[in-house]
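The values are calculated or read from the model by the stated rules, or taken from the named source; none is laboratory data. What you see is a predicted model, and the numbers here were worked out from it, not measured in a lab. Backbone-built Cβ (ideal geometry, glycine too); neighbour counts: all protein chains shown. SASA here: full protein model, heavy atoms, side chains in, ligands and nucleic acids out. Shrake-Rupley method; radii C 1.70, N 1.55, O 1.52, S 1.80 Å.
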Amino acid sequence: MAITHVPISPLPPERFRDLLGERYEEVAAAVDRAGEVLGGRAVWHLNSTAHGGGVAELLQSLLAYARGAGVDARWSVINGDADFFAITKRIHNRLHGWPGDGGELGDAERAHYEETLEANARELAPTVRAGDLVFCHDPQTAGLVSPMLGVGATVLWRCHVGMDLPNDIARGAWDFLRPYVQPADAYVFSRREFVWAGLDPEHVWIVPPSIDAFSPKNQDLTPEAVTAILGVIGLSSPDDATPAYRRVDGSPGRVDRRAVIDQQAPLPGDVNAVVQVSRWDALKDPIGVLRGFVGHGPDSAHLVLAGPAVEAVSDDPEGAAVLTEVRKRWAALPAPARERVHLACLPMDDISENAAMVNAIQRRAQVVVQKSLAEGFGLTVAEAMWKARPVIASRRGAIQDMITDGQTGVLLDDPEDLEAFGRACTELLGDPDRAARIGAAARQRITERFLGSRHLVQYLRLIEGMPSIRG
């Protein structure tokens with residue numbers, strides 16, 4: 001058992017000044033207060049993986065800007081065995097109202113969950129000091145709330161997942177986690193509808209997630225760079241241009257690694273592309289996207305399903321099984337349909353390089369989709385909207401906070417209606433002017449409400465409002 005302490009290099013919040021204009025003054029004021037408010041305290045974020053998935057992505061940029069704002073921000077990743085992550089994935093699925101693997105959450109699972117987190121707590125305890133602040137993220141770390149309170153820290157539990165209308169399955173997951181979560185000093189949710197019954201509303205904060213406009217995943221790329229990156233990873237034909245991007249610190253980067261691609265031939269440069277980028281997770285419904293596109297979508301467009309190399313995502317034991325099933329479905333397609341579908345597993349050896357790959361794939365798209373059966377926030381939706389791509393996504397979770405149907409995107413009321421999904425793809429691709437209008441409005445929406453500068457300000461206000469900080 002070994003905690004991983006993730007290195008954080010500071011980024012200056014001032015880089016948002018030109019992007020935000022007058023609105024940057026709010027960021028500057030929060031930064032000025034940060035040093036005074038926190039004086040000598042460390043702010044810890046604990047989660048279950050350093051790469052793969054939205055939480056890790058959020059922390060990579062948010063904590064870098066916090067460091068740049070003078071905050072002693074720290075990031076530690078807990079460890080556990082395969083049984084622990086099977087249990088926490090089960091809880092994750094049930095928080096979405098879905099039974100997942102159908103396994104138990106009984107006494108044996110509770111005992112193993114507690115034993116694993118007790119070992120992590122023993123390793124953390126010598127370095128977390130009284131007066132520090134500790135953010136515990138999602139089900140994997142809920143069992144660390146009480147141990148961190150025990151060393152004198154202020155502890156906040158951050159939940160990134162949930163459902164608007166909870167069912168008995170979700171409430172059962174609440175019941176499992178509530179004894180660990182309830183003692184926290186504050187509970188942070190992505191949207192009001194996700195807040196559990198039985199938690200003190202006075203201690204609830206709502207903080208929507210955000211994206212970093214300057215990260216390798218979201219920075220501007222020239223069309224030549226997009227083509228070159230896709231050529232290097234193997235999704236399209238090789239190109240002589242340089243597959244260049246900028247790393248998080250602004251230094252030059254280059255995409256060198258090849259992805260694992262299942263395809264009959266490279267993606268042609270002159271065809272429309274519909275893209276979904278997400279973890280290989282049943283709740284992201286890649287099989288439904290495949291079936292809806294092939295069975296009901298546009299005849300001439302191509303589909304790209306992209307996700308991380310499954311062996312690199314340690315806290316998601318179901319990823320390999322989902323990917324295997326997607327590959328089986330792809331291989332069973334008739335040859336003409338199989339030629340129009342591309343599966344890409346992107347290497348995670350270099351997180352910045354992986355982000356540049358995702359950036360290029362989304363920018364190659366004429367339409368980006370996120371047909372999730374359940375969703376917490378949906379960072380890939382925000383990322384595509386920032387790139388002014390029209391997005392077709394499920395009316396689930398915080399996706400509906402970003403997308404106004406028909407204006408900043410297209411919402412699917414029933415993500416399992418494959419005919420409606422395919423029709424939405426066909427209609428958007430058939431009306432480029434409408435797609436462009438939606439894309440432009442989408443970027444404006446993200447600029448106004450879902451950039452990391454807003455997230456940073458909210459977290460600093462949350463910290464400042466804690467009684468232990470106010471003194």
Of the residues in the stretch 356-379, those that are at pLDDT 95 or above, assigned to a helix (DSSP H, G or I) and open to solvent by 10 Å² or more (accessible area, probe 1.4 Å) come to ARG363, ARG364
Pairs with Cβ under 7 Å, 6+ apart, first in the stretch 261-272 and closer than 14 Å to VAL226 by Cβ, second in a strand (DSSP E or B)
LEU267/ALA273; LEU267/HIS302; LEU267/VAL304; LEU267/HIS342
Of all residues making up the stretch 130-152, the number that are touching a Gly at 6+ places or on another chain (Cβ under 7 Å) and surrounded by 24 or more Cβ atoms within 10 Å (Cβ to Cβ)
0
Which residues, counting only those in the stretch 17-40, are surrounded by 15 or more Cβ atoms within 10 Å (Cβ to Cβ) and of a type outside the set (Gly, Ala, Ser)?
ARG17, LEU20, ARG23, TYR24, VAL27, VAL31, ARG33, VAL37, LEU38
Looking for whichever is open to solvent by less than 60 Å² (accessible area, probe 1.4 Å), small (Gly, Ala, Ser), closer than 14 Å to HIS342 by Cα and in contact with a strand residue (DSSP E or B) (Cβ under 8 Å, 6 or more places away or on another chain) here; the options are GLY253, GLY234. Which one fits?
GLY234
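Can you name every residue in the stretch 270-288 that is assigned to a loop (DSSP other than H, G, I, E, B) and either in contact with a strand residue (DSSP E or B) (Cβ under 8 Å, 6 or more places away or on another chain) or under 16 Å from LEU429 (Cα atoms) (or both)?
If the condition is that a residue be assigned to a loop (DSSP other than H, G, I, E, B) and either in contact with a strand residue (DSSP E or B) (Cβ under 8 Å, 6 or more places away or on another chain) or under 16 Å from LEU429 (Cα atoms) (or both), then ASP270, VAL271, ASN272, SER278, ARG279, TRP280 are the ones that fit.
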Residue list for the stretch 24-41, filter: in contact with a Leu (Cβ under 9 Å, 6 or more places away or on another chain), more than 26 Å from GLU448 (Cα to Cα) and part of a helix (DSSP H, G or I):
VAL37, LEU38
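Matching residues to (1) of a type in the set (Lys, Arg); (2) touching a residue at least 24 places away in the same chain (Cβ under 8 Å); (3) in a loop (DSSP other than H, G, I, E, B); (4) within 30 Å of MET348 (Cα to Cα):
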| position | (1), (2), (3), (4) |
| --- | --- |
| VAL188 | no, yes, no, yes |
| GLU193 | no, yes, no, no |
| GLY198 | no, yes, yes, no |
| GLU202 | no, no, no, no |
| TRP205 | no, yes, no, no |
| SER215 | no, yes, yes, yes |
| ASN218 | no, yes, yes, yes |
| ALA225 | no, yes, no, yes |
| LEU230 | no, yes, no, yes |
